[in-house]
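This report refers to the structure that appears directly beneath it.
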Amino acid sequence: MKQLIDRLEQEQTLPREDWIRLLEDFTPEDTAYLCERARHVRQMHYQNRIFIRGLIEFTNYCKNDCFYCGIRRSNCNTHRYRLSKATILDCCRRGYELGFRTFVLQGGEDGHFTDAVLTDIVHAIRTEFPDCAITLSIGERSRDSYQQLFDAGANRFLLRHETFDSTHYASLHPAGLTAASRQKCLWNLKEIGYQVGSGFMVGSPGQTTENLADDLLFLKKLNPQMVGIGPFIPHHDTPFAKEQAGSLELTLFLLGAIRLMLPKVLLPATTALGTIAPDGREQGVLAGANVVMPNLSPKDVRGDYLLYDNKICTGDEAAESVANLKRSMQAIGYDVVVDRGDSLNM
Ligand code: 5AD
């Protein structure tokens, strides 16, 4: 496997059948070697700097009914909330003081947030924080809507492709949501000029090694500025309640592989990774990740934005989360920096 890993580092891609072989047969020794190479590559481009993003979960209303997601429409046990413009701006102010220079507005697909409502909020953040990046993570919208939000001052957009394969996609989502329309959104976002983040869940129900190979080949082609991957974790109020969670080992291996495939990409150590293992995010950084996204949402709504069970940091104040993060990153030799953290993968 070492030869395949070396080849991946040199050529920054692998043929589909080699991806499949690598992902099926890797050993713990292979992971150790891959992660060492991934750290080397990350060090070349980003040194030991860890970028932070302030996540503001501004609505948990969602019109969609994705089988894996805790805030799906059919989940009647979720207490629904929306943050006001004033509250969102307060979160940004608190975040700015804590050293954040990127704000991520994430939410379900909530009809309340029309283009008019959202562009007004984005414009207000843009005006008050001219030196900050504004990232949206609000699902599928029309090209025109994406354009209006971009014109209002949004710079970045996170939209995981979830799974490239259309049959697998259909097994995770209700009828009407398609892999093709998801991917079309991503191409539209790129065309408009957003810095784009995509990605997928590791170990989602029915996921095969072939699916993962296709996910990696799609990411190579899309060439996004960020790739977000994390383990699938079941949520008790979804159709996938009884399914198995994705594995730490495979997630770490994929992080290292993505670092070698897209050397300059931004790679978050996700909250889901920190949820399946107490030191998951640290291990993610040691596998090549260089971004962490602490929560800036008001404490009283944290417990309502639960995409999966046992999510970490739902009881922390933002300041606590950041202080803990700085400490845990320093302990493994990394520095959390005050920076917009723009991607070098342009
Ligand atoms: N486990 C892990 N990740 C999940 N997401 C949604 N539900 C879950 C879950 N049960 C991820 C999706 C989505 C992102 C915001 O969170 O990939 O794109």
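Rule-based calculations on the coordinates, nothing more; no lab input. Small disclaimer: the values here were computed from a predicted structure and weren't measured. Glycine also receives a Cβ, built like all others from the backbone with ideal geometry; neighbour counts cover every protein chain displayed.
Quick query: amide H of TYR61 versus all other amide H atoms, modeled in the peptide plane; which residues come in under 5 Å with a sequence gap of 5 or more or a different chain?
Residues meeting the criterion, in which the H sits 1.01 Å from N, are TYR81, GLY108.
Using the beta-carbon distance between LYS63 and LYS2 and R0 = 45 Å, what value does 1/(1 + (r/R0)^6) give for FRET efficiency, to the nearest 0.05?
0.40
Note the direction-averaged projected area, equal to a quarter of the hull surface, for the Cα convex hull of the chain, in nm².
Computing the convex hull of the Cα atoms and averaging its projections yields 15.3 nm².
Over the C-alpha atoms of the stretch 1-120, what are the Rg and the largest Cα-to-Cα span, Dmax, in Å?
Cα radius of gyration and Dmax of the stretch 1-120 are 21.3, 55 Å respectively.
If you average the C-alpha positions of the stretch 1-23 and of the stretch 62-131 separately, how far apart do those two centres end up, in angstrom?
With the stretch 1-23 and the stretch 62-131 each reduced to a Cα centre, they are spaced 39 Å.
Sequence gap at least 6, Cα distance under 8 Å: using those rules, report the relative contact order of the chain to the nearest whole percent.
25
Among all cysteines in the chain, which have no other cysteine Cβ under 4.7 Å from their own Cβ?
CYS35, CYS62, CYS76, CYS91, CYS92, CYS132, CYS185, CYS313 - these cysteines have no disulfide-compatible partner (Cβ-Cβ under 4.7 Å) in the chain.
If we count other beta carbons within 10 Å of each Cβ, what is the order of ILE258, ILE20, ILE52, fewest first?
By the 10 Å Cβ count, ascending: ILE20, ILE258, ILE52.
Here is the link list: LYS221/LYS326; LYS184/LYS311; LYS221/LYS299; LYS63/LYS311. Which ones come out longer than 27 Å on Cα distance?
Working: LYS221/LYS326 34 Å; LYS184/LYS311 30 Å; LYS221/LYS299 39 Å; LYS63/LYS311 22 Å.
The pairs that break the limit, which is 27 Å between Cα atoms, are LYS221/LYS326; LYS184/LYS311; LYS221/LYS299.
Most mobile of TYR308, TYR146, TYR81 per a Gaussian network model of the chain (Cα springs, under 10 Å)?
Between TYR308, TYR146, TYR81, it is TYR81 that shows the largest mean-square fluctuation.
Test of understanding: what is the full-extension gain from ASP90 to ASP342, defined as 0.36 nm times their sequence separation minus their Cα-Cα distance?
Details: separation 252, 0.36 × 252 = 90.72 nm, distance 2.36 nm.
Gain on stretching ASP90 to ASP342: 88.4 nm.
How large is the helix-only mean residue ellipticity at 222 nm for the chain, computed as the sum of -39500 (n - 2.57) over DSSP H runs with n ≥ 4, divided by its residue count, in deg cm²/dmol to the nearest 500? Working shown, then result.
Details: 14 runs with 155 residues, N = 346.
The helix contribution divided over the chain gives -13500 deg cm²/dmol.
So the label point goes 7 Å from the Cα of HIS112 along Cα→C-beta, right? Which residues of the stretch 57-91 then have their backbone N under 12 Å from it?
Once the point is set 7 Å along Cα→Cβ of HIS112, 58-62, 80-88 turn out to lie under 12 Å by backbone N, inside the stretch 57-91.
How far, in nm, would the chain grow between LYS221 and ARG16 when pulled straight, counting 0.36 nm per residue and subtracting the alpha carbon separation?
72.5 nm
Calculate how many DSSP beta bridges within the chain are antiparallel, expressed in % of all such bridges and rounded to the nearest 5.
5
Considering only CYS91, CYS62, CYS76, give the residue with the highest GNM mean-square fluctuation for the chain, with springs between Cα atoms whenever their separation is below 10 Å.
CYS76
In what order do LYS85, LYS326, LYS242 fall by count of nearby beta-carbon atoms within 10 Å, going from fewest to most?
LYS242, LYS85, LYS326
Take the Cα of GLU36, step 7 Å along the line toward its Cβ, and report every residue of the stretch 244-260 whose backbone nitrogen sits under 11 Å from that point.
No residues fall inside that zone.
Could you pull out every residue, at least 5 positions away or on a different chain, whose amide H is within less than 5 Å of the one on ARG73? Hs are placed 1.01 Å off N in the peptide plane, and Pro or chain starts have none.
ASN64, ASP65, CYS66
Report the full-extension gain for the segment ASP25 to ARG80: residue separation times 0.36 nm, less the Cα-Cα distance, to one decimal in nm.
On the way: separation 55, 0.36 × 55 = 19.80 nm, distance 4.37 nm.
Length difference between fully extended and current span is 15.4 nm.
Over the stretch 192-346, calculate the relative contact order: mean separation of alpha carbon pairs under 8 Å at least 6 apart, over the residue count, as a percent.
Details: 218 pairs, mean separation 35.1, N = 155.
Normalised by residue count, the contact order of the stretch 192-346 is 23 percent.
Two decimals is fine: what's Rg over Rh for the stretch 180-293, C-alpha atoms, Kirkwood radius as Rh? If you can, show how the numbers build up before the last one.
Working: Rg = 14.1 Å, Rh = 14.6 Å.
We get a ratio of 0.97 for the stretch 180-293.
When the Kirkwood radius is taken over all Cα pairs of the stretch 104-161, what Stokes-Einstein diffusion coefficient follows at 25 °C and 0.890 mPa s, in µm²/s?
Reported coefficient: 215 µm²/s.
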